[in-house]
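Rule-based calculations on the coordinates, nothing more; no lab input. This one's a predicted model, so the numbers in the text were calculated from it and none came from an experiment. Glycine gets a Cβ as well: all are built from the backbone with ideal geometry, and neighbour counts include every protein chain shown.
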Amino acid sequence: MANFAHDTVVPDKLSSLSKKQQVAGMFNDISFRYDVLNRILSAGIDQRWRKKAIRQLSESKPKLILDVATGTGDVAIMASGLLHPDKITGIDISEGMLEVGRHKVRKLGLEEKIELLKGDSEAINFRNDSFDAVTVAFGVRNFQNLEKGLAEIRRVLKPGGKLVVLEFSQPKLPVIKFLYNTYMKVICPGMGKMFSKNPAAYQYLDESITKFPEGITFKKILDDLGYNETSNKPLTFGICSIYCGVK
């Protein structure tokens, strides 16, 4: 498996813990305010991005869906309402995020449809060919080994099953890029310091986006791992992108 620059980006460069352990701890720290901060920092546009990503699965009508790096379960809950699958399983390495997600699932009465489990994207605890579709929203940047995680996702997809990845990318238009960089390097970390127990999380966000192999590079990674019908669709001036691939 190849290594990419983003694989080595960690929340705390002085820590002896692995990226996986640091990311889990970081999300445990911010879990109680994660949803609120997401809505504030994105002005709510992150919800529209998620809907667009989920709608990539509308034609295939998957019955069994795995949501990797499910966090607080936003995509799992939204996919349940938009796609009406038989079951959605969400996995995440942060127990803090999962607890927030489980509370949301119970509040909506979706326990029969959605199950949120602690799980590692690089060692998914399901058999080969288990799911009709896999979604990952804003999670692949946090994989300790990107290719290993994507290969593991392909393993648990059924033949013909589809992967949909929603991830931050970097805008190319100079004016938009300048505004975006100012926001990510100044405003976002500032808001994180004000409202989060772990302000380093929002500095990590910027660095992990900057070093992530986005666009056609990410599409090529999917191609090289054996995914078919791969695609890359930028959203909102390229601030975010939807990537798809079929097993």
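DSSP bridge analysis restricted to the chain gives an antiparallel fraction near 40%, rounded to the nearest 5. The shape of region 128-173 can be summarised by an equivalent ellipsoid whose semi-axes, obtained from the alpha carbon gyration tensor, come to 23, 13, 8 Å from longest to shortest. Using a simple spin-label model with pseudo-atoms 7 Å out from Cα toward Cβ, THR182 and PHE126 lie 4.4 nm apart. Calculated FRET efficiency, GLU229 to ALA43, Cβ-Cβ distance, R0 = 41 Å: about 0.80 to the nearest 0.05. (i) 7, 30, 33, 18, 6, 4, 1, 0; (ii) 7, 33, 40, 18, 2; (iii) 7, 31, 36, 19, 6, 0: which one is P(r) over Cα pairs in 10 Å bins from 0, in percent as calculated from this entry? Step by step, P(r) over Cα pairs in 10 Å bins from 0, in percent for this structure corresponds to label (ii). Listed peptides 114-127, 60-73, 173-186 appear in the order 60-73, 114-127, 173-186 once ranked by packing, highest mean of other Cβ atoms within 10 Å at the front. What separates the Cα centres of region 79-122 and region 8-30 is a distance of 23 Å.
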